[in-house]
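Following: one structure in structure tokens, then a few remarks.
The values are calculated or read from the model by the stated rules, or taken from the named source; none is laboratory data. As the structure is a computational prediction, the values presented were derived from the model and not from experiment. Here the Cβ positions follow ideal geometry from the backbone for every residue, glycine too, while neighbour counts run over all protein chains shown.
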Amino acid sequence: MAEASSEAGPDEATLTVDELSARVGMTVRTLRFYAGRGLIPPPVRRGRVGYYGPEHIARLDLVRELQAHGFTLSAIEGYLERIPDNASPQDIALHRTLLTPWMRDLPETLDRPALVRRTGRELSDDDIEMLIALGVVEPTPDEDVFQVATAHLSLGVELLDLDLPVDAVLAAGRIFTDHGRAVAEELTEVFRTKVWPHYRDSGGPPEYIQQLVERFKPVTIQGLVLAYERAVGETQRDTVRRRRRP
């Protein structure tokens with residue numbers, strides 16, 4: 001990462017290391033460790049005092065987001081190396097926005113009794129197996145401890161009452177996973193090449209850009225739902241037409 005000087009945005013760099021520590025909620029020792037690993041650029045020097053600005057804050061926020069996603073320090077270094085040294089705080093904020101989970105709630109770790117209390121019903125081993133097949137519950141190395149997508153737990157419980165074959169649920173899950181990954185990859189490319197440059201060039205602050213992107217998410221999901229509904233309708237009509245043929 002390139003050396004910073006008094007020419008690199010001196011008017012924007014106004015925080016001492018103690019003030020930066022209070023601003024981002026990290027210890028001075030941690031900040032200096034990150035700086036030594038090149039995760040943030042050197043401070044802007046004015047005499048013997050170093051000052052930090054929006055770029056440092058944006059990069060530290062991104063480091064925290066990457067840590068929350070389970071990235072190791074080496075992986076974080078590799079990720080940040082791909083971000084140009086002259087990236088603006090807005091550019092860095094967009095990187096962070098792409099990492100924001102699209103689910104409203106992150107998974108919770110629940111043991112079996114807590115899962116039973118949360119669902120409000122007794123859960124047999126077959127019920128647990130079905131919830132795992134649905135992707136609502138994921139097993140962990142600890143027996144009877146699970147990662148639970150609580151935002152979808154009530155839907156999973158409703159599906160238990162349908163008495164669906166587990167192999168059918170698993171087959172459907174594979175379809176959604178395979179096609180969902182393809183849709184996600186293509187939408188990410190659209191975001192990277194079309195949405196990102198538009199928001200970046202708008203010149204808005206990182207918070208404004210993140211709000212715009214957050215609004216983009218539900219619109220995209222709704223579009224996917226509508227496309228699926230149309231596709232199901234067309235498939236049904238095609239099936240009826242084929243059956244009517246002699």
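Brief remarks follow.
- Per-region count, region 229-246, residues among the hydroxyl-bearing types (Ser, Thr, Tyr) and modelled with pLDDT under 85: 1
- Any hit, region 145-156, residues being outside the structural domain of PRO89 (by TED's automatic domain parsing) and either touching a Phe, Trp or Tyr at 6+ places or on another chain (Cβ under 6 Å) or acidic (Asp, Glu) (or both): no
- Every residue from region 26-35 that is surrounded by fewer than 16 Cβ atoms within 10 Å (Cβ to Cβ) and part of a loop (DSSP other than H, G, I, E, B): THR27
- Region 36-48, residues that are under 17 Å from SER74 (Cβ atoms) and either surrounded by fewer than 20 Cβ atoms within 10 Å (Cβ to Cβ) or not assigned by TED's automatic domain parsing to the domain that holds ASN86 (or both): GLY36, ARG37, GLY38
- Test set (1) modelled with pLDDT of 85 or more; (2) surrounded by fewer than 19 Cβ atoms within 10 Å (Cβ to Cβ) - ASP163 fails condition number: (1)
- Taken together, the criteria place GLY78 among residues that are assigned by TED's automatic domain parsing to the domain that holds PRO42, without any contact (Cβ under 8 Å) to a residue 12 or more places away in the chain, assigned to a helix (DSSP H, G or I) and exposed (fewer than 15 other Cβ atoms within 10 Å of the Cβ).
- If you go through region 10-30 and pick out every residue that is under 29 Å from the mean Cα position of the chain (by Cα) and among the hydroxyl-bearing types (Ser, Thr, Tyr), you end up with 3.
- Among the candidates ILE92, ILE132, residue that is within 30 Å of PRO43 (Cα to Cα) and crowded, with 16+ Cβ neighbours inside 10 Å: ILE92
- Within region 51-75, the set of residues being buried (at least 19 other Cβ atoms within 10 Å of the Cβ) and either among the small types (Gly, Ala, Ser) or not assigned by TED's automatic domain parsing to the domain that holds ARG23 (or both) comprises GLY53, ALA58.
- Cβ pairs under 8 Å, 6+ apart, first in region 211-223 and at pLDDT 75 or above, second surrounded by 13 or more Cβ atoms within 10 Å (Cβ to Cβ): THR220/LEU187
- All positions within region 124-147 that are under 17 Å from PRO107 (Cβ atoms) and either outside any strand (DSSP E or B) or in contact with a His (Cβ under 7 Å, 6 or more places away or on another chain) (or both): ILE128, LEU131, ILE132, ALA133, LEU134, GLY135, VAL136, THR140, PRO141, ASP142, ASP144
- When region 4-25 is limited to residues that are at pLDDT 90 or above and part of a loop (DSSP other than H, G, I, E, B), the one that is farthest from ALA75 (Cα to Cα) turns out to be THR16.
- Of the set (1) at pLDDT below 90; (2) in the same structural domain as ASN86 (by TED's automatic domain parsing); (3) under 20 Å from LEU66 (Cβ atoms), all apply to MET1 but (2).
- Matching option when the condition is at positive phi, among the small types (Gly, Ala, Ser) and at pLDDT 90 or above, among GLY135, GLY120: GLY120
- Here THR188 passes the criteria (1) part of a helix (DSSP H, G or I); (2) more than 19 Å from the chain's Cα centre (by Cα) except the one numbered (2).
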